[in-house]
Structures are given as structure tokens and as C-alpha cells.
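Below: the structure, in C-alpha cells.
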Amino acid sequence: MSTPSPPPQRIGLPWPELNVGLAYKDVISSSDSELTTVSDFYFTKYKSSAPLLGWIQRIQNGQIQIDGEVVKDPNTLLRSGSKLVYHRLPWKEPDTPYSLQVLYEDDDLIALNKPSGLQVLPGGLFQQRTVLTQLQWCFRKNDSYTGSRESPHPVPVHRLGRGTSGILLCAKTKLAKTKLAAYFAEGTSLVGSGNLEQECGKGRKLSKIYRALADGIVEEDEVVIKQPLGVVRYPGVAKGLYVASPEGKPAFSKVAVLERDKQKNCTLVKVEIQSGRPHQIRIHLAYMGHPLLASYNCMRDPLYVAGGQPKCFDPDLVDDDAAFAEDGGYRRPNQAVPGDCGYHLHAHQVELPNLLNTHKVVKIVAPLPPILQTSSETEEKGLSSCK
């Protein structure tokens, strides 16, 4: 492997006003075609996207094609083998950061400092304004990347919540993607083994350390949380919401107190995770009675409360057919959803083997936001800036 060259400081291009829309393609199977209308097909297969009246609206708007022809009659019968295309109209995605700091780069790997508010992969309202899009744009136009062993197609190999900032690892080659995926899977597989050293991460290939600001005063200097995480039905989340659940999958977080602020009633903590369940740190800290904080003014995590459960919501709003937006889809629920920001969680440090020389260790550190620095770190930074 060649010696890593100094990476460019930042990548990122401004977002266009509207995205390009989306095209969803389907082929009708023999079982789907039995006296099925086009409206029934879409409502049955994509129920989480829109209610029946919403799909009828989309069909009447001319957004559905069958075998290349636009159809506007919702009662059109489908035939086996027919090819359907649903054209989702372009829309303005919510305001999102686009600039990403490059923390580390070699021929196989690029590590980015993801800002809070930027989604990693397409989903929901964010189909274009994602880290993946910026990577594609950057590597498509930057000729300096053509010297690597294979043409790079960088992709994130793990997720960070939209509101979470910090280190995001992205593979530039197929081999790197395979190896990094194996490192992450190894950590998750060790959880629940009953071997405390393994669960604490000793001997594992990849370690991840986060900084977080938690509500209240955490009395113990170190806490190990092994609460399983499961999925419940929740409005606006098609695949369900992860919560603390005794019937869920094993999860392991090790929390260490860095600083307690009794005046502001909050605790700065370091969290090392062995598994990588969705929203694991948010849920685990809430489970122990210390939800994440958005700031010192007691604004807590908008979604998870003490016990690792979501804030109360009205179940009557989940299937309200009348509540659909202009494009026929469901309106955004009134309740908080996982992608909402409003908490301080930062992926601060990652260590992993060099992908081609496993005897060498790559250590990546993302600069800390001021609110997640200890008093001594803030003082040191102030002193160094004065020199």
C-alpha cells in the first residue's frame, strides 16, 4: 500500500433547489396479476408510502406507467409480466449541510467528519442530500483519484444517525468494503457471548468511541449497559422503531464519566460500543435514565426518554387515510422520528487495522464540538491558540 497522501481538507458541493425525483420499477408476477388493479397493487406493496387515496391521486396525476404507457385509471387491471414504473416528482429536501471534512484517506479507505443534520444513505425525505451523494459527486469529478488500483466507488460501510456527528468510514474498493463489514460484524457477534473481555472489546479489530452530553448527573464513574434492543411499530417509520426491549437483539455499551456539571445538571460521557444497533447509544443512555441533551438548557433527545422508550404518541394518527401530503404520501407525523436532530452525540475516535497491513493500526480522531469538550480540553485549546 502506498503512503497515504495528505487528504483534501473538505469535500462537498452545494445542493440544488430540487432533487431529480425517483423512479420505482416493478414487474408483475402471476400471483400479483390475479384481478389486481393498479391502485390495489401499489397500496398493498407500498402501504408505508401512501394511503389508498394517495395512490389514486398519483395515478390520476399520470405518475404511473405500465409497459411504457401512462395510465390514469386506478382500476386498470394488471397482467402477469407487465412492467410498472412509478415516477415520484422532484421535491425540495429539507435544509442540510453539504461540506465534509476528510480526516483520513488511503487507497482503500476514506474517513469523513460527518456534520450533524446530514443523512448517510438515501431514505424518506432525503434521497439526494446524503453523504453517499457527495461521495459520488466528488469521486466522479476528481481526476486525482484515478491512480488507485481500481476505479474507486466509495460507499459508507456503517451508519450514523442524522443528528450524530463525527467519524464515518467509507470503503473505496470492494475488498475494503468486505473487510470493514467483517470488522463491524465481528464486534456485534461477540455481544452476548458471556465472555466479558470479548464484550468489552478486548482483542477486537475495530474500536469506536463516542462523546455524548447526557441529562442529569451520572453517579457511577463507569457503567456497562447490556440492554437488548428490539423494534416496535411507530408512525412515520416503515420498518419500525428501535427501543429497549427484553425480547430484542443483544447490545453492549460501556459508559465512562468524563465530567459532571451539577450546576447545569448534565454529564459529559465517553461511550465505547461493541455492537452497532441502530440508535444504540441514544437508547442505552435513555434506558439508564440519562437521555442525551441538545444543549445546557435542558432540551433533551426529541425521541427517546428515560427507559429507552419513545415519547408518547397518538396511535390514532398512524393510519389516517385523510392525512396525506400534496404528492399523495403520508404527511410527516407530529411525533419525533429517528432522523430528528436535537441531541449531542459525536463519533470521536476509531481504531482499526490497516486493511492491507494488519500489523499496523490506523487511528482516526474527529475534532470535538466545543460543547463536548472537557474543561481541561477547552483550556488546552485556548492556550495553544494563544501561542
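The values are calculated or read from the model by the stated rules, or taken from the named source; none is laboratory data. The model shown is predicted, which means the values in this text are computed figures rather than measured ones. Here Cβ is always computed from backbone atoms with ideal geometry, including for glycine, and neighbour counts include all displayed protein chains. Surface accessibility is based on the protein's heavy atoms, side chains included, excluding ligands, DNA and RNA. Shrake-Rupley method; radii C 1.70, N 1.55, O 1.52, S 1.80 Å.
Near Leu118, once Lys and Arg are set to +1 and Asp and Glu to -1 for all other residues with Cβ below 10 Å from its Cβ, the sum equals +3. Annotation: amide H of Lys249 within the under-5 Å range of Leu229, Gly230, sequence separation 5 or more or interchain, hydrogens built in the peptide plane.
Evaluating 6.51 cos²θ - 1.76 cosθ + 1.60 at θ = phi - 60° for every residue in region 91-98, the Karplus couplings come out as 8, 8, 6, x, 4, 8, x, 10 Hz, glycine and proline recorded as x. Close amide H pairs (under 5 Å, H built 1.01 Å from N) link Glu259 with Leu268, residues at least 5 positions away or on another chain. Sequentially through region 258-267, phi angles give Karplus couplings (6.51, -1.76, 1.60; θ = phi - 60°) of 9, 7, 10, 10, 5, 5, 9, 6, 8, 9 Hz, Gly and Pro residues having no value and appearing as x.
The solvent-accessible area of Ile225, taken with every protein chain present and a 1.4 Å probe, is close to 10 Å².
The H on the amide N of Val120, modeled in the peptide plane, is under 5 Å from the matching H of Val131, Leu160, each at least 5 residues off or on a different chain. Taking 22 Å as the cut-off for C-alpha to C-alpha distance, list the pairs among Lys177/Lys254; Lys226/Lys249; Lys141/Lys360 that go past it. Pairs exceeding the cut-off: Lys177/Lys254; Lys141/Lys360. Solvent-accessible area assigned to carbon and sulfur over region 22-88 amounts to 51 percent, based on a 1.4 Å probe. Rolling a 1.4 angstrom probe over the protein heavy atoms with all chains in place gives region 22-88 an accessible area of 55 Å² per residue. Residue by residue, region 349-355 carries 3J(HN,Hα) couplings of 8, 9, 10, 7, x, 4, 5 Hz when phi is fed to the Karplus relation 6.51 cos²θ - 1.76 cosθ + 1.60 (θ = phi - 60°); x denotes Gly or Pro. In the complete set of protein chains, residue-level accessible area for Lys45 is approximately 110 Å², probe 1.4 angstrom.
With the convex hull of its Cα atoms as the shape, region 32-84 has an orientation-averaged projected area of 3.2 nm².
How charged is the neighbourhood of Gly230? Take every other residue with its Cβ under 9 Å from the Cβ of Gly230, and add Lys/Arg as +1 and Asp/Glu as -1.
My count for the surroundings of Gly230 gives 0.
For Val257, the accessible area of its heavy atoms, probed at 1.4 Å with every protein chain present, is near 30 square angstrom.
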